[in-house]
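The values are calculated or read from the model by the stated rules, or taken from the named source; none is laboratory data. Note that this is a predicted model, so its numbers are computed, not measured. Here the Cβ positions follow ideal geometry from the backbone for every residue, glycine too, while neighbour counts run over all protein chains shown.
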């Protein structure tokens, strides 16, 4: 599969495009952002966002957390230029979010997938690619890669209206990446997806960040945010209640965790005796390391896939080539759940063997060939005179019946 880097000129994008930021540059700058919704009479009804400020840099995965109604979606809509702030200042790539050249570099997956029900997967991606003025050849190439990546290549002819919610999220994610955006905004990207699909989305987010893309992730699933985000903000009541890196926010300064290989009982007793002399018996706890449920689940599926077949949805094979970029190429770290698509022996994906052809009964074929065939009846030839004579007879019968 060819790997292509997005070229704005080759893609037919206008020449006055926003410059791609360098690594570490500020992509999104928010200062004193406030949004107040008003009623019909212009009276304040709800203060959805209240004096919010933060920055997001290139190559960073930034998480927006908070309960329902805390202001996350309102913030996202203002970053996209869909809502006007009541007060405050927003810059995306150093420009207003309402600038058309800014929007060319943004990919957005809304919380609810707004798709045309009567288009199939290929037509949907072709439609969104055409909005960015991508050439037809480039649209087809990217559509093929994206459908393979999100696991919908086998159902590309089904209309989107027939898709389940999880499948709609997959095609929605594909349309958000059709323009190879520098800023990707994902609102609840794993909603409705199975654990394999969730793992694929998280692997994709990490692959985009490695290439220098900026990702803003809004999610209620804290485990997803913990796996991929570099920094997070926590909203409540329209205000930011906490902000920082996950290492800073989640660290427990009053405890220390020591992980060692399995120790003999005598060694463990000596270590515990030394620790108890300083901290006392009540504060020391010995536990065996455990893995999380997601890792255990994927391990079970990996072992089952080596010997079982399924008629359900399949996972994508790897991140789309053009999203990886030509410089990096297809690396092993970019593979999405490659271990689920290959046998444990490390070989190529298992392909079921074709069923054996039934033996040919040559004696019966020779007998059928030598048997006399019935003669076909001669074809009936109709002439205009015969047709006219038949029509006159019918007409005479009808006239005679009326007399």
Q: Mind telling me which of the residues 196, 171, 178 ends up being in contact (Cβ under 8 Å) with a residue 40 or more places away in the chain and not in a helix (DSSP H, G or I)?
A: 178
Q) Counting just the residues of the range 245-259 that are within 18 Å of residue 227 (Cβ to Cβ) and not in a helix (DSSP H, G or I), which one comes out modelled with the lowest pLDDT? A) 251
Q. Is at least one residue of the range 99-119 at pLDDT below 90, over 30 Å from residue 230 (Cα atoms) and buried (at least 20 other Cβ atoms within 10 Å of the Cβ)?
A. no
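Does residue 124 satisfy the criteria of being modelled with pLDDT under 95, over 22 Å from residue 223 (Cα atoms), in a helix (DSSP H, G or I) and touching a strand residue (DSSP E or B) at 6+ places or on another chain (Cβ under 7 Å)?
Considered against the rule, which asks whether it is modelled with pLDDT under 95, over 22 Å from residue 223 (Cα atoms), in a helix (DSSP H, G or I) and touching a strand residue (DSSP E or B) at 6+ places or on another chain (Cβ under 7 Å), residue 124 comes out as no.
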Q: Identify, from the list 134, 125, the residue that is buried (at least 20 other Cβ atoms within 10 Å of the Cβ), under 22 Å from the mean Cα position of the chain (by Cα) and under 25 Å from residue 192 (Cβ atoms).
A: 125
Q. Do you know which residues across the range 146-161 are in contact with a strand residue (DSSP E or B) (Cβ under 9 Å, 6 or more places away or on another chain) and assigned to a helix (DSSP H, G or I)?
A. 148, 149, 155, 160
Q. With respect to the numbered conditions (1) surrounded by fewer than 19 Cβ atoms within 10 Å (Cβ to Cβ); (2) modelled with pLDDT under 85, which one is the sole condition not fulfilled by residue 196?
A. (1)
Q. Do we find a residue being under 20 Å from residue 217 (Cβ atoms), at pLDDT 90 or above and loosely packed, with under 15 Cβ neighbours inside 10 Å anywhere in the range 66-89?
A. yes
Q: Output the number of residues of the range 207-227 satisfying the condition of being part of a loop (DSSP other than H, G, I, E, B) and farther than 19 Å from residue 107 by Cβ.
A: 2
(Q) Restricting to the range 260-294, and then to whatever is outside any helix (DSSP H, G or I) and at pLDDT 75 or above, can you tell me which residue is farthest from the chain's Cα centre (by Cα)? (A) 264
